[in-house]
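Below you'll find the structure, written out as structure tokens, and then a few comments.
The values are calculated or read from the model by the stated rules, or taken from the named source; none is laboratory data. Quick caveat: nothing in here was measured; it's all calculated off a predicted structure. A quick note on method: Cβ atoms are made from the backbone with ideal geometry, for glycine too, and the neighbour counts reach across all protein chains shown. These area figures cover heavy atoms from the full protein model, side chains too; ligands, DNA and RNA do not enter into them. Shrake-Rupley method; radii C 1.70, N 1.55, O 1.52, S 1.80 Å.
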Amino acid sequence: MSVEQLITISPITNKPIVQRQGLSDADITALPCAATAAFNVFRKTSLAERQSIVKKALQLLDRKKDELAKELTEQMGRPIAYTGKEIATAVARGEYLLKISGDALSDTDGEKEQRYKRFIKKVPVGPVLVLFAWNYPYLILVNSIIPALLVGNSVILKPSPQTPTVVEQVHRIFEEAGLPQNVIQYFHCGSFQKIERMVKNPEIKLVCFTGSVAGGLAVQQAASGRIEVRVGLELGGKDPAYIRPDVDVKWAAEEIVDGAIFNSGQSCCSIERVYVHESIHDEFVSAVQEVLKGYKMGDPLDLDTNIGPVVSKRAAQLIQQHISEACQQ
């Protein structure tokens, strides 16, 4: 099977900006084996050592957020005014996970009984495969990678081909923070057949997937023949809002617009349908129109821009199709 050539098209210019080589057949065996070897060493480190590495990595991530924000904007189109905030929020979330890790990973006492000591001990599971989306890549990745490392697991990361440099940056940051070799590895891939083979590899002990419902179902199906692997799925939503007749209409309009079109609507919890009580329908629609007048669509590298492009031509065509269907119905 030939190695893919993955090309990232910037939604800002519609031109190629990054090219990477995909996963090879040899990698499908080599990466999990290296992850297992690294895990067998890393699991023996103390929690304090792991906390120290994670703390330093989060500091480095925060220090580089302006550079990473520009890179992220160029690859997926969110305005530069907001991409840095994603990284800052990812750091804050990581710091919270770090803060609670001592209590979360301590033994849990069981029922007391004479001559017996009962307890639940928290132990790492082994190599963790993390497959994550492009819409909030740093924020999504923190949810998986920080707990995995704090417990003592090794991780293999697979980013979306739309934001390929995220894993490269994170890998460099953790290496600089002192993480041992191969505790974090990554690969680029657009072929689900190869991802499926990675999921089925017996060295992989946990799969964390964030992405579409179709992608999640495919991962779940790939893992279904293995009883010893755990799978965690965080998938897209279908999120309605209801506007009551007693609401502050101006406030509600501002919140609904933000919830519907932030990140150009490309969020798993983005509001997709709005049901408005008939007694305030016209007033609410007018308020929404006023809010929208305050938004500026334009160059995502301009700090005054609120709305950038959606991630691809295909996404734009699908949105237009939804609008046409809604108007017809």
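Numbers at a glance
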| item | result |
| --- | --- |
| Pairs where the first residue, in segment 53-79, is over 13 Å from V170 (Cβ atoms) and the second is open to solvent by 20 Å² or more (accessible area, probe 1.4 Å) and among the polar types (S, T, N, Q), C-beta under 6 Å, 6+ apart | M76/Q162 |
| Test: residue in segment 30-48 that is within 25 Å of T165 (Cβ to Cβ) and among the basic types (K, R) | no |
| Selection from segment 203-233 of residues that are touching a residue at least 40 places away in the same chain (Cβ under 8 Å) and open to solvent by 80 Å² or more (accessible area, probe 1.4 Å) | R230 |
| Flag if S160 is more than 21 Å from S46 (Cβ to Cβ), part of a loop (DSSP other than H, G, I, E, B) and within 11 Å of the chain's Cα centre (by Cα) | yes |
| Subset of segment 273-329 that is among the β-branched types (V, I, T) and farther than 17 Å from P11 by Cα - its residue that is surrounded by the fewest Cβ atoms within 10 Å (Cβ to Cβ) | I323 |
| All positions within segment 241-254 that are under 14 Å from V288 (Cα atoms), open to solvent by less than 90 Å² (accessible area, probe 1.4 Å) and of a type outside the set (A, V, I, L, M) | E254 |
| Hits in segment 306-324 - residues which are part of a helix (DSSP H, G or I) and of a type in the set (S, T, Y) | S324 |
